[in-house]
Structures are given as structure tokens and as C-alpha cells.
Amino acid sequence: MFKSLVFKEWLKIRWVFIGLAAVNFLVVMNIYFDLLNTFKVYSANVVVGQFQAYEIVFYSNIKYILLLTGLILGVFQFFPEINQTRLKLTFHLPRKENKLMFQMVSVGVLLLISIFLFDAVSLSIICTKFLPREFFESMLITTLPWYIGSICTYIWLITIFIEPNWVKKTISILVAVGIVSLFYAGEGYGKYAFSIWYFVLLTGFCSSIIFLSAYNFKRGIC
Amino acid sequence: MGNVVEIKNLTHYYGKKLVFENLSFNIREGSIFGLLGKNGTGKTTTINILNGFLRPKSGKCLMFGEDSYNLSPATKARVGFLIEGHIQYSYMNIRQIEKFYSAFYPRWKKEPYYELMSKLAVTEDQKLSKMSCGQRSQVALGLILAQDPDLLILDDYSMGLDAGYRRLFIDYLTEYAKAENKTIFITSHIIQDLENFLDECVILDYRSVLCTMPIKDFLTNFKQFKFESSIPDLKLEKDAVIKNSEVIKNKAAIYTFAGKEEVERHLASKGINFTNLHQEAMSLEDAFIGITGKY
């Protein structure tokens, strides 16, 4: 039955997933060609020195693309569920509602992770090709909060979408903006190295709020 | 035969607005039960409560003996649910949606679904979003029939359908559901379609229940009497005998569960003079409008 639910979610978001993967690919390619051109014009020592002295994050283009990736996937996956209260159809399936909700969200998170893996592997190859190993390690630590932030954005978007009460919806939007902005606030290399586990825990905690919104959806607006 | 649905003293509010109070009725196994009422009387609210999509302020709602707010997966599998407006996953095509649902229901029978689809001018890879409202209604019905549920809950099946699709819908329900002793709980705003279909009905008014009874009893016992009176500006108040009335100039119609003689005595006791008092035959729709009023 999970396979069948995956089939449903895939039918709904396959084109947007392919589109988002393509955008991420283009951004990574853009980073690669930018770096290639820079190394053609300047010597490696100058480039590395400049990057270190001014904390130039040469892959920062991907930062807000990751945020948008989570946001857009959430919109395309859950807008059809909320539109005409189609989520009732899913909740009427002979499974526990929380289990169905968990499985739907899992599909979205797995698709996001697949895009992130592509980005991370591509950026790692770029880093190791052009720059010393320290840049590769620092890239992983610098980008990790952005990936986790994208998942957190996706989770909050679902929470906000399915919450039927407008007051709670508005409060959720404000809280979501505050929390998500934490993931993207750091400038420079590895600023959040010591916060990554807190980000993971925070995202895990935020995930549980989805079930509260799903409960409210089922309970109806009173 | 036992009751498939038991609703006891159900009361619900939206904010401070009372939707209904102490709504009670049972749906017997194998019966076709209609929930009738004008717009805004709480039909969809009742159906949402019944399917566990709304928690009532007070009262009990049981489906197959389970609290409708906490239905087990096994009980949900026994209930086919048509959402108002024939809502379905419109991004799927005819084949995909059948494949999707079939994995969830152990008693799935695809034959009635594809039989119904063969009557439509559509291909199997046509998306639901590219279909007409009538065609989508048949997809939704076909899926419910394929699910082979014991109870079918159909919320305003007639919404947006022309006469042909409405007839097709009822014909298929009769063929597959009524013939197999399924229980059907149905609402519709087109009452005349249900006249020869329903076994029992509950008629809702704003905040209250007007009547709950077998449809044959309702059509036999609920009557319309017309008469003429010389009283200028005749006004007929609702009471134990007069359930509703209409007055146009000196011509009046009253709707009642009483017989002709009782009506005559009642009018006389109220000092209303009348001539030509006679009973007029009513269809279900006439009777529905008679008891609920036109406004």
C-alpha cells in the first residue's frame, strides 16, 4: 500500500520534481563554469587566497535555490490535497490518518534528499577538482544547514497548508519564517558547524507539528 | 437486520451558529436512506461528522458500531464515500486511479468500474481534470462500486449533473448497490430523482428535524389541501395540524399529516371559513417543498 501511495505522490509531483532537479543541476553547472572561468583568469593561489581572506562562498548561489526547492515541492504536493479538501479522500483510505500523512511526507522528503545528494556530490567533485581538501570539508558543513532548512521549509509549508484554522495558520506562518530564517542566516564558511545537530533536532520537532495540523484538519473548523 | 448507522442526539455549532440540535436517526442495513433539506440545513455537516471529518459538539454517531470520529481501517474499507462535487484525484487518469485504489481494498472489483467507463466517450489514459463534470461523476461512482463497500455515503451526487448523468447514476446505484443489498446514505438537492429510489428519509430544517420516516409513509400521510376563503389577508400559523401553508389572495394551501375531516374541524375551530377544500396529489418534491417551505 505504501507503494500505491508513492505512485499517487509521484504522479502528482513528478514534473515539478524533474523541474526542480533540472534547476539545481543548472545552478551547479553555473557554479562549475564560474569557477572554471575564475581559474582561467587568475592563478590558483590568488583565487584560494581571495576566497579565504574575504570568505567568498563560491557556491552561495545554491543557498536560496535549496530553500525554494523545499517550498515549491511542498506547494505542488499539498496544494492539490487542500484544494477542494481532497485530503479527505486520502484520509478515507483504510489506513490510520497519521500513517498516511507520514508516508506522504516521507515521499516528499526522500525526493528532496535525492536532489540534495546530487547537489552535494556535484559540489564535492567541483571542490576537490579545483580547491584544497579544506574547502571540500568546509563546503559540506556550510551547505548542510541549507539542506536541512529546505526540509524544514517543506515541513512548515505542509503544516500551514493543512491547518484549517486561520488564526493558527497565521501564527504558524510567523513561527515558520522565524525558524527557517535561522538556517539561512549564516554568512561565510562553516558558521553553523556547531549548530547542525540542533538544526536536525529542530526539524524533527517541527515535523511533529504536521500531525497536529492533520488532527485539526480532521477535527474540522469549530 | 441491524443498524449500520446510529446517530443519537447530535448537536453541532459553527462558532455560535447552531447547525442542528438533537439530530437522531438510524440507518438500517440494506436500506436506502435519504438526508433531505434545503441548502444550509446541515446535510454536508452530518456527512462530515459521519465520516469522521468533523467532531460534533455533542451527541453520538456510530458507524458499524464504531465511533465515527475514530473509525478503524477495517471499517473505513466498508464505507464508500462520494464527496460533494465528485472530488477525486484529478491529476490521475482513468487507469491510474483504478490502479491506485485497488491496492487498498481487498474486495476490489474492477469490472463495474470499467463497465461504467466504457459508457463514457473517454480513453483510459484521459486525465480526470480533462473530463466534464458528468464524466467525473461516473468515475467517482465507478470507483465506489469497484470498492464493493457495505455502506455507500453519497453527498449531493447530483451536483452539476444533467438529467442523463443523474439517471445513469441512479440506474447504476440500483443495479449494483440496491440489487446487492448495500446500504446507501444519500443527499441530493434534486428531490424528484430520489422518489422511487429511497426507502426512508430524514428531512432537515434550519436547526431542527422536520420528520424521519419511510418514504412511502411520508408520501401517503403527508398531504396538501387547498381551499378558498373569503377572509381578506388570511394568515395561517403553523401548529400541531398545519405543518406549513401558502396563501395567495383568497386561495390557500395547507400541508399536514392530518386527514380531511381533521383539517376541516381544525379550520372551523380557528374561525376560518373555507370552500372547496380538497386534497391535491403531491410528488416527493412537492411534499418536500410543502414541509420545508419555499423560502
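Summing charges over all other residues whose Cβ lies under 12 Å from the Cβ of A:I141, with Lys and Arg as +1 and Asp and Glu as -1, gives -1.
FRET efficiency for the B:R107 to A:N30 pair, using the beta carbon distance and R₀ = 41 Å, is estimated at 0.15.
Across the cross-link table entries A:K3/A:K168; B:K17/B:K294; A:K12/A:K96; B:K270/B:K294; B:K16/B:K76, which are compared at the Cα atoms, the separations over 29 Å belong to A:K3/A:K168; B:K16/B:K76. Within the straight-line cut-off of under 26 Å between alpha carbons, the lysines reachable from A:K40 are A:K63, A:K129, sequence neighbours fewer than 8 places apart in one chain being disregarded. As a ratio to 2.2 N^0.38 Å, the alpha-carbon radius of gyration for the range A:57-163 is 1.31. Work from the charge dipole of the range A:2-219 (Cβ charges, +1 for Lys and Arg, -1 for Asp and Glu, about the Cα centre) and give the residue of A:I115, A:N37, A:T143 farthest towards its positive end. Result: A:I115. Relative to the longest principal axis of chain A, what angle (0 to 90°, nearest 10) does the C-alpha long axis of helix A:61-82 take? Tilt relative to chain A: about 10 degrees. Shown here is the pair-distance distribution of the range B:1-105: with all Cα-Cα distances grouped in 10 Å bins from zero up to the longest one, the shares run 13, 40, 31, 14, 1 percent. Above 20 angstrom, tally the Cα pairs of the range A:144-222 and express them as a % of all pairs, no decimals. Within the range A:144-222, distances greater than 20 Å cover 34 percent of Cα pairs.
Could you give the length gained on full extension between B:S132 and B:N196, defined as 0.36 nm per residue of separation minus the Cα-Cα distance, in nm?
20.3 nm
Between A:F7 and A:Y198, the distance separating the two model label sites (each 7 Å from Cα on the Cα→Cβ line) works out to 4.6 nm. Take the convex hull of the alpha carbons in the protein assembly as shown; its mean projected area over all directions comes to 30.5 nm².
Counting only protein heavy atoms and a 1.4 Å probe, the range A:43-153 has 42 square angstrom of accessible area per residue. In plain terms, the chain from A:F39 to A:V16 could stretch by 4.8 nm, reckoned as 0.36 nm per residue minus the Cα-Cα distance.
Across q = 0.25, 0.26, 0.28 Å⁻¹, the range B:236-295 modelled as identical point scatterers on its alpha-carbon atoms has Debye log10 I(q)/I(0) values of -1.25, -1.34, -1.51, in the order of the q list.
D by Stokes-Einstein for the range A:2-219, Kirkwood Rh over Cα pairs, 10 °C, 1.306 mPa s: 85 µm²/s. Between chain B and chain A, the total buried accessible area stands at approximately 3000 Å², from heavy atoms with a 1.4 Å probe.
Taking chain B as a Gaussian network, Cα atoms linked when under 10 Å apart, which of B:T220, B:T212, B:T45 shows the biggest mean-square fluctuation? Its mean-square fluctuation being the largest, the pick is B:T220.
Sorted into 10 angstrom bins from 0, the C-alpha pair distances of chain B split as 6, 25, 29, 21, 12, 5, 1, 0 percent. Inter-label distance, B:A268 to A:V177: 7.7 nm, where each label sits 7 Å from its Cα along the C-beta direction.
Expressed per residue, the C-alpha convex hull volume of the range B:102-180 stands at 102 Å³. For the range B:98-244, averaging the sequence separation of C-alpha pairs within contact (under 8 Å, six or more residues apart) and dividing by the residue count gives a relative contact order of 17 percent.
Heavy-atom accessible area, probed at 1.4 angstrom with all protein chains present, ranks B:H12, B:H278 as B:H278, B:H12, highest first.
By accessible area, using a 1.4 Å probe on protein heavy atoms only, the protein assembly as shown has 58% of its surface on carbon and sulfur. For the range A:59-97, list whatever residues lose no less than 50 Å² of accessible surface once every protein chain is in place, relative to that chain by itself, with the probe at 1.4 Å. When all protein chains are present, A:R86, A:K88, A:L89, A:H92, A:L93, A:P94 each give up 50 Å² or more of accessible surface. Just to be sure I understand the model, the point goes 7 Å from the Cα along the line to the Cβ. What's the resulting A:T170 to A:K191 distance in nm? About 3.2 nm separates the two model spin labels. Its Cα centre serving as origin, chain A has a Cβ charge dipole (Lys and Arg +1, Asp and Glu -1) of approximately 980 debye. Neighbours of B:K178 by Cβ distance under 11 Å: Lys/Arg scored +1, Asp/Glu scored -1, total -3.
Distance distribution P(r), the range B:143-295, all Cα-Cα pairs, bin width 5 angstrom from 0: 2, 8, 16, 18, 15, 12, 10, 7, 6, 4, 2, 1, 0 percent. Here the range B:1-41 and the range B:102-162 have alpha carbon centers that stand 26 Å from each other. Name the residue farthest towards the positive end of the dipole of chain B from the options B:Q192, B:N48, B:V79, assuming +1 on Cβ of Lys and Arg, -1 on Cβ of Asp and Glu, about the Cα centre. Farthest towards the positive pole: B:N48. The length gained by stretching the chain between B:L277 and B:K99 to full extension, at 0.36 nm per residue less their Cα-Cα distance, is 57.9 nm.
Determine the sum of side-chain charges near B:E6: Lys and Arg each +1, Asp and Glu each -1, restricted to other residues whose C-beta is under 11 angstrom from that of B:E6.
Once positives and negatives cancel, what remains is +1.
Applying 1/(1 + (r/R0)^6) with r as the Cβ-Cβ distance of B:H189 and A:I113 and R0 = 51 angstrom yields a FRET efficiency of 0.60.
The values are calculated or read from the model by the stated rules, or taken from the named source; none is laboratory data. Keep in mind that what you see is a predicted model, and the values were worked out from it rather than measured. Cβ atoms come from the backbone with ideal geometry, glycine included; neighbour counts cover every protein chain shown. Side chains included, ligands, DNA and RNA excluded: accessible areas come from the protein's heavy atoms. Shrake-Rupley method; radii C 1.70, N 1.55, O 1.52, S 1.80 Å.
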